[in-house]
Amino acid sequence: MSKPFLGKQSSIYYAKIKTWDSEKRLWTWRKRSLGTDDYDLAQSMQTSLQATATAAHKLEGKTVDRAHLDALITSIYASSGVIIQSDDWPVITSQMEKFMKARKARVKFSSYRSYRTYRNVFLAWIPDGVTLDWLTPVRAGEWYEDMLETTAPKTANERVRFVSRFYDRCMKDIGYPSNPCKSVDMTGSKAGDTLDRLPFTYKELLKLVKYLQKGDDRAQEWSRAVMVASMTGARLEDAITMQRGSIVKGILTYTQTKTGKTLTIPLAVPAWCKVLEARQGAICPALAKDYVTSKCGNVSKEFTALVTDAGIVQLSKTFRSGRVVARKTFHSLRHTLRTLIVSSGGSDAQADLILGHSGDQGKSYTHSETDAMRLTLGRVFSEKSN
């Protein structure tokens, strides 16, 4: 049996393992990084690998290919608590930057910002300087379980899917053999661990706006964001980055960041519309700045805290991990508007039209559709005000 040897310009030891090729019906040599600079450990691993490869042929006549060798090396390291360091494949951080650069050119900014957050979370979890083959199916599963201790299952799932897409791209671009995330059992959100947002009541909505209007400049920005979202169903990002120029004669026209749809919504509360039209430039400048500079999570949490400070009962849900999450968030304002529309006699179709759930992307509303929305929203808020 050959001895472990150093790779070219590397301090990592390699081994040549004699394996059986069942198709060619002959023994072949497979070169494989042992992922360590410790010669004694490398020699021990090579001995174990060769014994396993030989036994596999004698017992089953099977070929021990690279994937099998990878699995064997991983199990040997796992039993000794050693982190695999291999120079066969690129370092994860460097390959990830290439992936992110390519994604930035292909996706919307909002999607890229989410990817950037997922990347940061993943890179913060892995050790510095590890290569692609450090992440095994077992480790990917452990990462998922770790996230469930502090993160909602939906968010954990999205993060794992992001890393899975990264490894899929590595398979296509550089011939990486497998995706370690494919075997992760992401059933956390299927076992009663999902979070259903609850709508605000109309009284809670008015109470929240009045409370925020009495606060400092930051709170007043939040009051305007709530006004926009309550009347239009705009999502958090769209509401706080809204510009005064988007409102013309009591009608708001904006493009949803998430879907790319352009919506035209009549603003049905004259007093609130007057407050918004009195602004110059951004309606919520400080909030918009924080959101754009990757503080979106903090901005969302800030709103949730304000709901409690306003004296509104904040129901929550406890996940199996013990994490407690509020059920009345900024996104609840979309549910609130739908609930108000339907309870005032409007149809689901009308609610879909206003919230941007129906119609083709980029479709312009007709005058009749805009008038119908004005009547529906006018009825919603006039009835609730009485």
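Shape class for region 92-190: oblate, because the ratio a/c of the largest to smallest gyration tensor axis (alpha-carbon atoms, square roots of eigenvalues) is 1.5 or more and b/c is at least a/b. Using the alpha-carbon positions of region 110-247, Rg (one decimal) and Dmax (whole number) come out as 20.5, 60 Å. In this Cβ point-charge picture (+1 for Lys and Arg, -1 for Asp and Glu), region 92-190 has a dipole of about 780 debye about its Cα centre. Between ALA282 and ARG244, the built amide H atoms are under 5 Å apart, and every one of these is 5 or more places off in sequence or on another chain.
Extension gain for SER48 to VAL138 (0.36 nm times residue separation, less C-alpha to C-alpha distance): 30.3 nm.
Residue exposure proxy: THR117, THR259, ordered by other Cβ atoms within 10 angstrom of their Cβ from fewest to most, comes out as THR259, THR117.
Here the calculated FRET efficiency for ASP371 and ALA305, from their Cβ-Cβ distance with R0 = 45 Å, stands at 0.70, rounded to the nearest 0.05. Shown in residue order for region 233-239 are the 3J(HN,Hα) couplings computed by the Karplus curve 6.51 cos²θ - 1.76 cosθ + 1.60 at θ = phi - 60°: x, 4, 6, 3, 4, 5, 5 Hz (x for Gly and Pro). Extension gain for the segment ASP352 to SER246, taken as residue separation times 0.36 nm less the Cα-Cα distance, is 36.1 nm to one decimal. Remark: region 213-221, residue by residue, has Karplus-estimated 3J(HN,Hα) of 5, 8, x, 6, 4, 5, 5, 5, 4 Hz, where x stands for each Gly or Pro and the curve is 6.51 cos²θ - 1.76 cosθ + 1.60 at θ = phi - 60°. PRO266 sits among other residues whose Cβ lies under 10 Å from its own Cβ, and their net charge, with Lys and Arg +1 and Asp and Glu -1, is +1. For LEU252, the residues whose amide H sits under 5 Å from its own are ILE265, LEU267, ignoring neighbours fewer than 5 places away on the same chain, with H placed 1.01 Å from N. What the phi angles of region 163-180 give under the Karplus curve with 6.51, -1.76 and 1.60, with θ = phi - 60°, is a coupling list of 5, 5, 5, 4, 6, 4, 5, 4, 5, 7, 7, 10, x, 4, x, 7, 10, x Hz, glycine and proline written as x. Measuring against 20 Å, Cα to Cα, the residue pairs LYS154/LYS301; LYS274/LYS328; LYS108/LYS261; LYS108/LYS289; LYS261/LYS289; LYS203/LYS328 contain LYS274/LYS328; LYS261/LYS289 as the ones spanning a longer distance. Listing TRP272, TRP125 from fewest to most neighbouring C-beta atoms within 10 Å gives TRP125, TRP272.
Stretching the chain fully between LYS261 and ALA105 yields a gain of 54.1 nm (0.36 nm per residue, less the alpha carbon separation).
For MET227, MET147, MET186, the sequence from fewest to most other C-beta atoms within 10 Å is MET186, MET147, MET227. Remark on LEU34: its backbone amide H falls under 5 Å from those of TYR13, TYR14, ALA15, a criterion applied only to residues 5 or more positions apart or on other chains, H modelled at 1.01 Å from N.
All of the numbers you see were taken from the coordinates with simple rules; none came from a lab. Small disclaimer: the values here were computed from a predicted structure and weren't measured. Glycine also receives a Cβ, built like all others from the backbone with ideal geometry; neighbour counts cover every protein chain displayed.
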